[in-house]
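The values are calculated or read from the model by the stated rules, or taken from the named source; none is laboratory data. As the structure is a computational prediction, the values presented were derived from the model and not from experiment. All Cβ positions, even for glycine, are placed from backbone atoms using ideal geometry, and neighbour counts span all protein chains on display. These accessible areas exclude ligands, DNA and RNA; they are computed on the full protein's heavy atoms, side chains included. Shrake-Rupley method; radii C 1.70, N 1.55, O 1.52, S 1.80 Å.
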Amino acid sequence: MANTAQQPPHLHLAEVTASQFLDIWKHFDTDGNGYIEGKELENFFRELEIARRGAGVDPSNPTFREKMKEFMQKFDKNRDGRIEMSELAQILPTEENFLLCFRQFVSSSAEFMAAWRRYDTDRSGYIEANELKGFLSDLLEKANRHYDDQKLQEYTQTILRMFDLNGDGKLGLSEMARLLPVQENFLLKFQGVKLTSEQFNAIFTYYDKDGNGYIDEQELDALLRDLYQTNKKEVDAKNLTGYKQSIMSLSDGGKLYRGELEIVLCREPIV
């Protein structure tokens, strides 16, 4: 029985539901860091090949390595050598393409942020679990997608299982943004440049020259450029414009308040 419990779930299916997709993800992302990588990736590809071919696969065979390389060239969109949740959605035959469907509702991170802002009313960087259904319903309607209450409930419960790991009934912005396409998830661009509370407060105070508690789009542009230069990261003008638009979607009529920018740049919300 123990061996049966270790069998990878659902890979043999012609179509997987949103819930089954999550089972697959959790089975292979064994350390729970949000990526299928290293040995996890090798195991995933091996089991996927077995499920599709109905026969055993030898990872030591050079042909296996070559196939895995071709597989990653096709699906590893940002070329980081690992599979993210949004990339896995491209690989698996998901029912109604749950995650791909989500990505079609929100064609850009700016749209995602604008939708998020309507529900994160206290600007905490979280939405309450009981607001999630409304958040998803809003996105579905925006995309003219037909759905029933049962399907909406399944999507809601699946996302809760994905992200509300401590069961506190709150979902974080950066976690939900993992559902965006890799190239659209601007929050990923800030990995490695996250600020501590002290650093964030210092940089916000510096750019909020008049001390009115918010910065505008021009000030945000300067702040982002400085942040990238300080962290020795390259950013071109087109990408910077996109990041800026996404972040400004959180603003209140062009005024980006401390709490809103903190959601993007800080490791943890400041209490």
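For the pair PHE75 and ASN239 in one chain, pulling the backbone fully straight at 0.36 nm per residue adds 56.8 nm over the alpha carbon distance.
Note on LYS142: aspartates and glutamates with a C-alpha under 12 Å away, same-chain residues under 8 apart excluded, are GLU111. So which of LYS74/LYS255; LYS26/LYS77; LYS26/LYS151; LYS151/LYS244 end up more than 29 Å apart, counting from Cα to Cα? Over 29 Å Cα-Cα: LYS74/LYS255; LYS151/LYS244. Take every pair of alpha-carbon atoms less than 8 Å apart whose residues are at least six positions apart; their mean separation over the length of the stretch 192-265 yields a relative contact order of 41 percent.
Estimated from the Cβ-Cβ distance and a Förster radius of 45 angstrom, the FRET efficiency linking ASP23 and GLN229 is about 0.55. Which FRET efficiency value, to the nearest 0.05, is calculated for GLN218 and ALA114 with the Förster distance at 30 angstrom and r the Cβ-Cβ distance? So, using R0 = 30 Å, E works out to roughly 0.90. Accessible area per residue was computed with a 1.4 Å probe on protein heavy atoms; MET72 scores about 30 Å². Rolling a 1.4 Å probe over the protein chains gives ILE215 an accessible area of about 0 Å². Here's the list of aspartates and glutamates a cross-link from LYS67 could span, going by alpha-carbon distance under 14 Å and ignoring same-chain residues fewer than 8 apart: GLU42, GLU47, GLU49, ASP58, ASP76. The convex hull of the Cα atoms of the stretch 18-91, projected and averaged over all directions, covers 5.0 nm².
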